[in-house]
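A short write-up of the structure that comes next.
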Amino acid sequence: MCLKDGRLEPSRHTDHIKPVSGPNDPLFWDPNNHQALCVSCHSTKTAKEDGGFGRRKKR
């Protein structure tokens, strides 16, 4: 995500590409569903998807 903005930052978080419901969700452990993100990009993505860390948007 950083490269799309013309930045290069070290990754600090492993992100789930497709959102998961928890460790019992098979996608939670699937390495094909993981991507490395910097803190800023992970925070931005999480806020967009969940409304913030650990607070899923009601659908």
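What the table below lists for this structure:
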| read-out | value |
| --- | --- |
| Close pairs from the range 17-42: first free of Cβ contacts under 8 Å to residues at least 12 places away in the same chain, partner open to solvent by 70 Å² or more (accessible area, probe 1.4 Å) and part of a helix (DSSP H, G or I), Cβ under 8 Å, at least 6 apart | 23/29 |
| From 14, 46, residue being among the hydroxyl-bearing types (Ser, Thr, Tyr) and at pLDDT 90 or above | 14 |
| Within the range 29-43, tally of residues that are part of a strand (DSSP E or B) and open to solvent by 80 Å² or more (accessible area, probe 1.4 Å) | 0 |
| Leading residue by the ranking (least open to solvent (accessible area, probe 1.4 Å)) among those in the range 1-28 that are closer than 17 Å to residue 46 by Cα and touching a Cys at 6+ places or on another chain (Cβ under 7 Å) | 2 |
| Count of residues meeting criterion [assigned to a loop (DSSP other than H, G, I, E, B) and either in contact with a helix residue (DSSP H, G or I) (Cβ under 8 Å, 6 or more places away or on another chain) or of a type in the set (A, V, I, L, M, F, W, C) (or both)] in the range 1-20 | 9 |
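The values are calculated or read from the model by the stated rules, or taken from the named source; none is laboratory data. Keep in mind the model is a prediction, meaning the values are calculated, not measured. All Cβ positions, glycine included, derive from the backbone under ideal geometry; neighbour counts span all protein chains shown. Please note that ligands, DNA and RNA were not included when accessible areas were found on the heavy atoms of the full protein model with its side chains. Shrake-Rupley method; radii C 1.70, N 1.55, O 1.52, S 1.80 Å.
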